[in-house]
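First up is the structure itself, then whatever we jot down about it.
Each reported figure results from applying straightforward, stated rules to the coordinates on display, with no laboratory input. All values reported here derive from a predicted model rather than from experimental measurement. FYI the Cβ positions are ideal-geometry reconstructions off the backbone, even for glycines, and counts take in every protein chain you see.
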Amino acid sequence: MQRLYSYLEKLEVAAMRHVRSCQLSCLACSLAAVPPPKSLQDSVAFSLFPSNFVSAIVFLALAALIALLLFTWSRWKLTRKSLEAKDAQLQMSEELFSKLFRRAPLSVSISTADKHEYLDVNEQFELITGYQREEVIGHNVFDLGIWVDPAERVAIVKRLQEMGRAPEIEFQFRRKNGEIGIAQGSAELIVFAGQQCMLGVSADVTAPKRAEQALRESERRFRLMADTAPVLMWLSGPDKRCTDFNSSWLEFTGRSLEQEFGDGWAQGVHPEDLASCMSTYTQAFEAHQKFSMEYRLRRHDGEYRWVLDQGVPRFLENGDFAGYIGSCVDITDEKEAKAARAEISGRMIHAQEQERSRIARELHDDINQRLALLANGLQELRHAGNGSHPDQAREIQSLWQLTSEIAADIQQMSHQLHPAKLHYLGLAAAARDLCQEFSRQHKIPVEYMVCDLPRHIEENVSLSIFRTIQEALRNVAKHSQARQARVELSCHGDNIRLIVADDGIGFDLHGRRQLGLGLISMQERMRLAGGDLSIHSRPRLGTRIEATVPAVFRMMRGA
Amino acid sequence: LQVHRTSVLLADDNSAILNHVTHMLEKDFDVVAAVQDGPSALHKCTSLKPQIVVLDISMGASSGIDVARELHDSGSASKIIFLTVHEDPDFVNAALGAGASAYVVKSRLGSDLLLAIRAALAGKLFVSPSLLYEAH
């Protein structure tokens, strides 16, 4: 456009020079009464004019007038076009500004700096405040109550007057419906309509701010909860390294957060437990699975305490693995109580066995021996009285018979109290005898199988196994309604394996609230012998008890 | 004239039985020792080398069967006779398996022990008849 205007101006100047040159030439010719130059004479136009001088003057004046009119008209036309173009440009610019102002995605307001009156606001302002433009223009900001804290605005204006602009502002505003929102933006001091004004540009950040506040509050509550919880809590990142510990942890260990960060916490784990602890943690971590482990952790006073540590994987909202969160509980007292219970239980079983053994021995070693002597005395008496009255001989024989029967009964009682066979003949013979006795007494056939059983088994182990068989067979007779039972004794490596199975009605193991005393007693005996016992049973499918115990007895000291 | 008497060693933890058997046998046999536990029995057998050893099975913590096994394994020439209250075929089998020559129950001591000693000296096995009936 500029080029066009420039071109037109050049054209106009050239035309004017040409006309002016003609005019001067003609005027000079007429004044000197000389004919116009040849070039002029040669021109077609000149040749048209009459040769009369006055006429020529008039003609020339008319021509000059016409040229002037033409020039003025062209200048006017050009000026008008230029003004029109400028007007259009200005109008376009105004429209653009207006559109930008009105449709801006941010709230824009112009208000006077001294009287705090709104001069203009945009659509976004209307949208977030709920006020129409007409409702605010010309009104005082404070009268409308849009600023929740007027002092904030006063301070911002003061800052603007000092610095010219306030690049980061955040303030609370009140919507028309009374709701309080939060806005963030910037402000600038401008001169508008001859007065100092505040141009404010802001965005409604109520929702993210509220979410942020809620998150902060949630985190604060969680932190408070974690710090007041009576458990030791820790947090780790996706690289296995610990990133946070609660107050309880730090109070327990007596170490600082910085000392515990990363793998620092592992310094407090008992050296004997560290390898298994790290292995459990690492394996669970790699599989992103929850874990539970027990280890000893050094307390602030240097004492190692048993803790139960349970960790669960954490995932972000998008499903990304974020690490673990875990909590530890001091279970030392519980473990000690459990060990004490086991110790008492073990002692009770031991004391019971001792007492049974003592009574059995008393019956066998004293009563039975004396009865044997009595029987022998009666026998000798009968032989010595050979030839005496037959009734007396029969009486003596009857007394001998009675004595022998009492001796047999006492021997049986002694055996039931404490099986002498176990001590003198070993587990295999004692268990076989037990099975035979059971079959005879309860009319339930028992299939008895022994495989590779060592000859010498520590007596406590063989007694535990014997008592387990005894208890299991007692349950078979009492509850199973079995037609037959099976007892298997075998040796696998250093372990003795016992199976007692029946084809009875079985029971729902998971449906039982707790095991009966008999089953608990069996488990306890096996545990004390360093082994374990499991019970498998389903309704109508019989029951199978499996126990494994080391052939060499070792006393268990708690768990 | 010196008559050769069979030497007998007695081992029983019950002193009443021990006295009774000693009294019963010393008329016909030379009771060289009467002990009350297994280790003593082994010790005396090694030193005295009796022809007959009368052993109880249950002697407190020690077992007569273990003593018999050790004597047998050591090549002892002593004939072993068990004298016990255990009237049970399992014990009889265990005793004979350990190298014993006879098994006598104490309730039949008066009638069976002399028979058992004679049988043993003759190289025969003897078991109290009441047990054989029971086993049968």
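Estimated from helical segments only, the mean residue ellipticity of chain A at 222 nm is -17500 deg cm²/dmol, where each DSSP H run of four or more residues counts as -39500 (n - 2.57). The ranking of B:59, A:233, A:348 by Cβ neighbour count inside 10 Å, starting from the fewest, reads A:348, A:233, B:59.
What is the sum of charges, Lys and Arg at +1 and Asp and Glu at -1, for the other residues whose Cβ falls under 15 Å from the Cβ of residue A:454? In short, -2. If one takes the longest principal axis of the Cα atoms in chain A, at what angle in degrees, from 0 to 90 and to the nearest 10, does the Cα axis of helix A:459-475 lie? Roughly 80 degrees between the two axes. Between residue A:162 and residue A:53, the modelled label-to-label distance comes to 8.9 nm, taking each label 7 Å out from Cα in the direction of the beta carbon.
State which entries of A:99/A:176; A:338/A:478; A:443/B:106 exceed 28 angstrom in Cα-Cα distance in the structure shown.
Long pairs (Cα-Cα over 28 Å): A:338/A:478; A:443/B:106.
The long axis of helix A:150-163 is offset from the longest Cα principal axis of chain A by roughly 60 degrees. For a straight C-alpha distance cut-off of 17 angstrom, the lysines reachable from residue A:290 (same-chain residues fewer than eight places away being disregarded) are A:240. Per-residue Cβ neighbour counts within 10 Å put A:463, A:373, A:62, A:381 in the sequence A:62, A:381, A:373, A:463, beginning with the fewest. Taking a straight line from the alpha carbon of residue A:81, these lysines sit under 17 Å away, with near neighbours fewer than eight places off in the same chain left out: A:10. Compared with the dominant principal axis of the Cα atoms in chain A, helix A:427-442 is inclined by about 80°.
With 20 Å as the limit on Cα-Cα distance, the pairs of B:27/B:124; A:115/A:209; A:421/B:79; A:421/B:49; B:44/B:79; A:115/A:158 that go past it are B:27/B:124; A:115/A:209; A:421/B:79; A:421/B:49.
Across chain A, the relative contact order, built from alpha-carbon pairs under 8 Å that are at least six residues apart, equals 6 percent. Applying both filters, DSSP loop and at most 13 other Cβ atoms within 10 Å, to the trypsin sites (Lys or Arg not before Pro) of region A:214-297 gives A:241, A:290.
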